[in-house]
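Trainee: Below is one structure. I have some questions about it.
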Ligand SMILES: Nc1ncnc2c1ncn2[C@@H]1O[C@H](COP(=O)(O)OP(=O)(O)OP(=O)(O)O)[C@@H](O)[C@H]1O
Ligand SMILES: [Mg+2]
């Protein structure tokens, strides 16, 4: 079974698609059979970054049952060992992906026969983004060193924490749980997963233990992208520490990626940044990161829906 | 989440080891003040204003407890009683006699201390008031005090670091001849004081303090 790395980031433009693509190329370059899945259906980009301007098939063909299996819609790319499931030409908004379709897609992803699968998720915190992020234990958060981006990544992290708790309960039980939390902690508790978690531990101790287990097993990572020279390189570890201290979630900082104007040039010319500018700081950072990621793959974790 | 944070013990709150020195505690508190201040890039969008206030209050309480010898001892005993702290984690502070000329002790041992030293050096270089004082022919006790205040270093900190009694230090800053030790000791004290504040060159500044025309130094 493949290792799956969902890549999310809350804020648009932080570099999710660029990073997905670059990591994909590097993993494929290491001889890993690698698949990129563009799940940013409203605003799919990966095909363009890979210079496949008119993808013949896309995810909506699977969802609309034009093809029976995900394998049928896998596209080859100009890069050896690198494959793509495109999200292009989609009239379908993933935020409206019906529940059954989503489960079906997630199960199918879990069964695909690749070494590595990278998921490019859309910005924001829609349920679909959250559920796809939780498809494996290896979720990667990406942000830039700007207050807006950091704000959104915190929001995404909280939403994912929340969503994981939510997955263990029926809608009505969860609502009761939320009300209980508000009773106990006051009005702010609605938006706070850590408060809900305390209520779970109190009222459903067994589920509390399972959740604790889940959260201990997650190997979430944070990457900071587009660091300028004047930015504080120590920012990432401090963010992770804050999250661990106050949210109780362990997130490993994987590293900084330097900002480089040539990224823009490479994207405009539709060439691989890594191939065109291999000796830049940014390319070095990306290579370092790909090694880190491949050596720290956690177990898979498919969500059981109640 | 402040609930979660509130459950940490004071050492954990400030990211300290149980045997942290006063210097390390001050440093850790300064770092945490910066981390939790309103315009910190790292924490500003993480907390509501109320949560931030709660955390800042907790940190202050932690700091004021750990910085006070008696309170810290009581707190440690409480932690040991609760089984949170291992008795052996607190190495008993061995009081050994130290030479007054042993003035290198405070420097370059551990990370935070090194960083603090670097920060202090930078401040000394950048600060206008300090540069002005250090360019004079003579340096008086009140001059030293002014420098120390510019650097925001409490006198107790110097006492702790140099192991010089605080009344001597008061005497040095107040040019209080009565309170000063014999000249031979005084020179050592001044040098230790200067090193503690990263003021250089030590020998030269010491000379400008000792050789003032209106100053008759310590007792013979
Ligand atoms: N390390 C970098 N140095 C310089 N520019 C970068 C870097 N990473 C990304 N960019 C720039 O940021 C832009 C946005 O990147 P990208 O499309 O990957 O973001 P995204 O997170 O996928 O956005 P969206 O949420 O809209 O899909 C790119 O067009 C690229 O020019
Ligand atoms: Mg994108």
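Trainee: Whole number please: convex hull volume per residue of the Cα set in segment B:109-215, in Å³?
Mentor: Per-residue hull volume (Cα only) is 95 Å³.
Trainee: Next question, about the same structure. Exposure proxy check: A:136, B:40 ranked by fewest other beta carbons within 10 Å?
Mentor: Lowest count first: B:40, A:136.
Trainee: Using Cβ contacts closer than 10 Å as the measure, can you line up B:187, A:102, A:111 from fewest to most?
Mentor: So the residues, fewest neighbours to most, are A:111, A:102, B:187.
Trainee: Give me the one-decimal nm value for the distance between modelled label points at residue A:176 and residue B:123, 7 Å along each residue's Cα-to-Cβ direction.
Mentor: Label-label distance for residue A:176 and residue B:123, simple model: 5.8 nm.
Trainee: Find the all-direction average of the projected area of the Cα convex hull for the protein assembly as shown, expressing the result in square nanometres with one decimal place.
Mentor: One quarter of the hull surface, i.e. the mean projection, equals 30.1 nm².
Trainee: Okay, moving on. Rounded to the nearest 10 degrees, what's the angle between the helix A:205-217 long axis and the longest principal axis of chain A, both from Cα atoms, 0 to 90?
Mentor: Taking Cα atoms only, the helix is inclined about 20 degrees.
Trainee: Roughly what angle does helix A:281-295 make with the longest principal axis of chain A, taking Cα atoms, 0 to 90 degrees, to the nearest 10?
Mentor: The angle comes out near 60 degrees.
Trainee: Return the calculated 222 nm mean residue ellipticity for the protein assembly as shown, to the nearest 500 deg cm²/dmol, obtained by summing -39500 (n - 2.57) across DSSP H runs with n ≥ 4 and dividing by the residue count.
Mentor: So the helix-based figure for the protein assembly as shown works out to -15000 deg cm²/dmol.
Trainee: Follow-up. Take the alpha-carbon centre of segment B:69-90, take the same for segment A:115-190, and report the distance between them in whole Å.
Mentor: Result: 39 Å between the Cα centres.
Trainee: Distance from the Cα centre of segment B:23-38 to that of segment B:164-200, in angstrom?
Mentor: 29
Trainee: A further question on this structure: Could you work out the Rg to Rh ratio of segment A:134-276, with Rh taken as the Kirkwood radius (inverse of the mean 1/r over all Cα pairs)?
Mentor: When Rh is taken as the Kirkwood radius, the ratio is 1.09.
Trainee: Now for a separate question. Shielding by partners for A:238-246, please: the mean number of other protein chain Cβ atoms within 10 Å of each residue's Cβ.
Mentor: 5
Trainee: Normalised by the number of residues in segment B:109-215, what is the relative contact order in percent for Cα pairs under 8 Å and 6+ residues apart?
Mentor: 30
Trainee: Would you please state the base-10 log of I(q)/I(0) at q = 0.09, 0.10, 0.15 1/Å for chain A, with intensities from the Debye formula using one equal scatterer on every alpha carbon?
Mentor: Debye curve over Cα of chain A, log10 I(q)/I(0) at q = 0.09, 0.10, 0.15 Å⁻¹: -0.44, -0.55, -1.21.
Trainee: For residue A:204 and residue A:230 in the same chain, what is the full-extension length gain: residue separation times 0.36 nm, less their Cα-Cα distance, in nm?
Mentor: Contour length minus the Cα-Cα distance gives 4.5 nm.
Trainee: Label points 7 Å out from Cα along the Cβ direction at residue A:292 and residue B:12: separation in nm?
Mentor: The answer from the label model is 2.6 nm.
Trainee: Could you give the nm distance between label points at residue B:138 and residue A:30, where each point is 7 Å from its Cα heading toward the beta carbon?
Mentor: In this crude label model, residue B:138 to residue A:30 measures out at 7.1 nm.
Trainee: Same structure, new question: Given a cut-off of under 8 Å on Cα pairs at least six residues apart, what relative contact order in percent is computed for segment A:4-71?
Mentor: Relative contact order comes out at 19 percent.
Trainee: What does DSSP give for chain A in terms of the percent of beta bridges that are antiparallel, rounded to the nearest 5?
Mentor: Around 10 percent antiparallel, to the nearest 5.
Trainee: Over chain A, what is the relative contact order in percent, taking alpha-carbon pairs closer than 8 angstrom and at least six residues apart?
Mentor: Rounded, it is 23 percent for chain A.
Trainee: Give the share of C-alpha pairs in each 5 angstrom bin for segment A:10-84, from 0 to the last occupied bin, in whole percents, shortest bins first.
Mentor: Going out from 0 Å in 5 Å bins, segment A:10-84 shows 3, 16, 26, 24, 18, 11, 3 percent.
Trainee: I would also like to ask the following. Looking only at the protein assembly as shown, where both bridge partners belong to it, what percent of the DSSP beta bridges are antiparallel (to the nearest 5)?
Mentor: Taking every DSSP beta bridge with both residues in the protein assembly as shown, the antiparallel ones total about 10 percent.
Read the figures in this text as sums done on the coordinates, not as results from a lab. Everything numeric in this text was worked out from a predicted model, so none of it was measured. Cβ coordinates were reconstructed from backbone atoms using ideal geometry, including for glycine residues, and neighbour counts include every protein chain displayed.
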